[in-house]
Amino acid sequence: MKETIAKWLDWLKKATAQDDERLGHVYSDGDQLWATNGYVLHALDVATGRRGRVTAGEDGGLQVEKEGDVPPFGAALPRAEPIASIVVSAASLRAAAEGQEGFVRLRIYSEPEALELSSGGKYALVMAVRGAQPWWFWQPN
């Protein structure tokens, strides 16, 4: 479990800000873990039961270090319905995004269902997965 928690925290920390003290940490609202830098937000469905900054304890477990205010992460979540939605393989998406540089343009196509990624001189097309069930997917509240 120690390795799993370390991976969770590493991923969450990728969304923290380097130049903003308040957004430079992973937080727990008691029900979920959150991190953002103002441009990207990562959330994880892990309940700690406590509010505050989260780190790895000496035993490798999650530790809520400082009780107190948690930034209003939920306010950043979209409230409207999405304009388009497809399901793609996480591994295929990582491989497609890995080679992109700078800004990346994403386009979603209805026929064939696909996600297109393009940047300066690089292009990738990731085809949709069929048969995905709605209960497979979690979204923070």
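The values are calculated or read from the model by the stated rules, or taken from the named source; none is laboratory data. Model, not experiment: these values are computed from the prediction. Here the Cβ is made from the backbone with ideal geometry for all residues, glycine too, and neighbour counts use every protein chain on show. Each accessible area value is taken on the protein alone, full model and side chains, heavy atoms only, with ligands, DNA and RNA left out. Shrake-Rupley method; radii C 1.70, N 1.55, O 1.52, S 1.80 Å.
Of G49, G38, G102, which residue is over 29 Å from G131 (Cα atoms), of a type outside the set (S, T, N, Q), in contact with a Leu (Cβ under 9 Å, 6 or more places away or on another chain) and at pLDDT below 95? Write out each step before concluding.
Working: G49 fails: in contact with a Leu (Cβ under 9 Å, 6 or more places away or on another chain); G102 fails: in contact with a Leu (Cβ under 9 Å, 6 or more places away or on another chain).
Testing whether each residue is over 29 Å from G131 (Cα atoms), of a type outside the set (S, T, N, Q), in contact with a Leu (Cβ under 9 Å, 6 or more places away or on another chain) and at pLDDT below 95 leaves just G38.
Could you please give the count of residues in the range 103-128 that are more than 15 Å from P82 (Cβ to Cβ), open to solvent by less than 80 Å² (accessible area, probe 1.4 Å) and under 20 Å from the mean Cα position of the chain (by Cα)?
Final tally of qualifying residues: 4.
Give the number of residues within the range 107-130 that are closer than 24 Å to L44 by Cα and without any contact (Cβ under 8 Å) to a residue 24 or more places away in the chain.
So the count comes out to 0.
Is it true that some residue in the range 90-98 is open to solvent by 80 Å² or more (accessible area, probe 1.4 Å) and either assigned to a loop (DSSP other than H, G, I, E, B) or in contact with a Gly (Cβ under 8 Å, 6 or more places away or on another chain) (or both)? Don't jump to the end; show me each part of the working.
The initial filter retains those residues of the range 90-98 that are open to solvent by 80 Å² or more (accessible area, probe 1.4 Å), namely 94, 98.
Those left that are additionally either assigned to a loop (DSSP other than H, G, I, E, B) or in contact with a Gly (Cβ under 8 Å, 6 or more places away or on another chain) (or both): none.
No, the conditions are met nowhere in the range 90-98.
Any residue at all in the range 44-51 that is farther than 23 Å from F137 by Cβ, open to solvent by less than 70 Å² (accessible area, probe 1.4 Å) and assigned to a strand (DSSP E or B)? Please lay out each step first, then the result.
Step one: filter the range 44-51 for residues farther than 23 Å from F137 by Cβ, giving 49-51.
Narrowing further to those that are open to solvent by less than 70 Å² (accessible area, probe 1.4 Å): 49.
With assigned to a strand (DSSP E or B) added as a condition, the list becomes none.
Among the residues of the range 44-51, not one is farther than 23 Å from F137 by Cβ, open to solvent by less than 70 Å² (accessible area, probe 1.4 Å) and assigned to a strand (DSSP E or B), which makes the answer no.
Checking the conditions here, which among D59, D31 is touching a Pro at 6+ places or on another chain (Cβ under 9 Å) and in a loop (DSSP other than H, G, I, E, B)? Give the derivation first.
Values: D59 fails: touching a Pro at 6+ places or on another chain (Cβ under 9 Å).
Checking each option against the conditions leaves just D31.
Failed condition for W8, given (1) over 30 Å from F103 (Cβ atoms); (2) of a type in the set (A, V, I, L, M, F, W, C); (3) open to solvent by 60 Å² or more (accessible area, probe 1.4 Å), with all others met?
The one condition W8 does not meet is (1).
Could you please find all residues in the range 68-89 being at pLDDT below 90 and open to solvent by 100 Å² or more (accessible area, probe 1.4 Å)?
Passing the criteria: only D69.
Within the bounds of the range 119-136, is there any residue that is among the β-branched types (V, I, T) and in a loop (DSSP other than H, G, I, E, B)?
Within the range 119-136, the first condition is being among the β-branched types (V, I, T), and the residues that meet it are 126, 129.
From what is left, the residues that are in a loop (DSSP other than H, G, I, E, B) are 129.
Yes, the range 119-136 has at least one match.
When the range 11-43 is examined, which residues are found to be open to solvent by 100 Å² or more (accessible area, probe 1.4 Å), over 12 Å from the mean Cα position of the chain (by Cα) and touching a residue at least 12 places away in the same chain (Cβ under 8 Å)?
Taking the range 11-43 and keeping what is open to solvent by 100 Å² or more (accessible area, probe 1.4 Å), we get 11, 13-14, 18-19, 21-22, 39.
Right, trim to over 12 Å from the mean Cα position of the chain (by Cα) and you get 18-19, 21-22.
Within the range 11-43, Q18, R22 meet the criteria.
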